[in-house]
Amino acid sequence: MSTQTSDLLAAAAPRTVDVVRGISDDQLDLPTPCSDYLVRDLLNHLFQVVVNFQGLADKRQVEWVDKPDHLGDGWRDRFEVETDRLVVAWSDPSTLDGVSPGMGLPQPVVGGMALLDLTVHGWDLAVATGQPYHPAPEAVAELHGLVERLGPTARKMGVFADPPPTPTEAPVPDLAHLLTQTGRTPTWPQTP
């Protein structure tokens, strides 16, 4: 990544934290643009990403199989604390050296994946709960290259859906293009 990963995470994190703080308990069972996830499921997934990518910054093996419920008392505050820890975990330039033993990918790509989840799932949660979302422009700009590189493999593995069709004559703003490349419809939910 051309900009230090921790700087990008530090720019993106507060925007997603604000969205998470804005989710009310009565919104936890709403659908999201991630068709397999309700809001509660996506929050738990994003919590796990934020925690596990702290370990990946230190080149440790992490556990993805267990799916703990992170939404107990004080979960909004804990999400902010864990997100701050994620930024700190990637702040040492040596975290970008080498290959992740658990994922087999270059560490800069792994850090970019954390940024991608934080940014895109911030949007997912915002639109699912009717909140505004303005991602960090520098994060979105950086993520285009990552999604381009990872896209074909991610689609084969079912991590990304195929990009929905977009009108070729319409200009595509950066976030809309990024969302499309991860298989999302930027105008979600579609109205009949």
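What length, rounded to one decimal in nm, is gained on full extension from Asp25 through to Asp84, with 0.36 nm per residue of separation minus their alpha-carbon distance?
Full extension from Asp25 to Asp84 adds 18.9 nm.
Work out the length of the dipole vector of the chain about its Cα centre, built from +1 on the beta-carbon of each Lys and Arg and -1 on the beta-carbon of each Asp and Glu, and round it to the nearest 20 debye.
360 debye
Can you list which of the DSSP-assigned H helices in the chain have a Cα extent of 15 Å or more along the long axis and an average Kyte-Doolittle score of at least 0.5?
39-57, 107-128
How many nm separate the modelled label positions at Arg76 and Glu138, each set 7 Å beyond the Cα in the direction of the Cβ?
2.8 nm
Test of understanding: what is the full-extension gain from Asp174 to Glu148, defined as 0.36 nm times their sequence separation minus their Cα-Cα distance?
That works out to 8.0 nm of additional length.
How long are the semi-axes of the ellipsoid equivalent to the chain, from square roots of 5 times the Cα gyration tensor eigenvalues, in whole Å, largest first?
24, 21, 15
How far apart, in nm, are two points set 7 Å out from the Cα along the Cα-to-Cβ line at Asp36 and at Lys67?
0.8 nm
Heavy atoms only, probe 1.4 Å: what % of the accessible area of region 1-157 goes to carbon and sulfur, would you let me know? Please list the in-between numbers first.
Values: 3830 of 7280 Å².
Within region 1-157, the accessible surface is 53 percent carbon and sulfur.
Normalise the Cα radius of gyration of region 1-63 by 2.2 N^0.38 Å (N = residues in it) and let me know the number.
1.31
Dipole of region 40-102, Cα-centred, from +1 at each Lys and Arg C-beta and -1 at each Asp and Glu C-beta, to the nearest 20 debye?
100 debye
What are the ³J(HN,Hα) values, in whole Hz, obtained from phi via the Karplus relation 6.51 cos²θ - 1.76 cosθ + 1.60 with θ = phi - 60°, for each residue of region 61-69 in sequence order, with x given for Gly and Pro?
Ordered by residue, 3J(HN,Hα) equals 6, 10, 9, 9, 5, 5, 10, x, 8 Hz.
What are the equivalent ellipsoid semi-axes of region 77-125, built from the alpha-carbon gyration tensor (square roots of five times its eigenvalues), in whole angstrom, biggest first?
21, 14, 8
Mind running the shape call on region 16-126? Use the C-alpha gyration tensor, a ≥ b ≥ c as the square roots of the eigenvalues: rounded below 1.5 for a/c, prolate if a/b tops b/c, oblate otherwise.
Verdict is prolate for region 16-126.
Amide H neighbours of Val99 under 5 Å, counting only residues 5+ apart in sequence or on other chains, H built in-plane at 1.01 Å?
Those lying under 5 Å, H to H, from Val99 are Gln107.
Once the dipole of region 21-70 is set up with Lys and Arg at +1 and Asp and Glu at -1 on Cβ about the Cα centre, which of Val65, Ser24, Ser35 lies farthest towards its positive end?
Result: Val65.
The values are calculated or read from the model by the stated rules, or taken from the named source; none is laboratory data. The structure presented is a predicted model; accordingly, all values stated were derived computationally and were not measured. Using ideal geometry, Cβ is built from the backbone for each residue, glycine included, and neighbour counts are taken over all protein chains shown. Heavy atoms of the whole protein, side chains included, go into the accessibility calculation; ligands, DNA and RNA do not. Shrake-Rupley method; radii C 1.70, N 1.55, O 1.52, S 1.80 Å.
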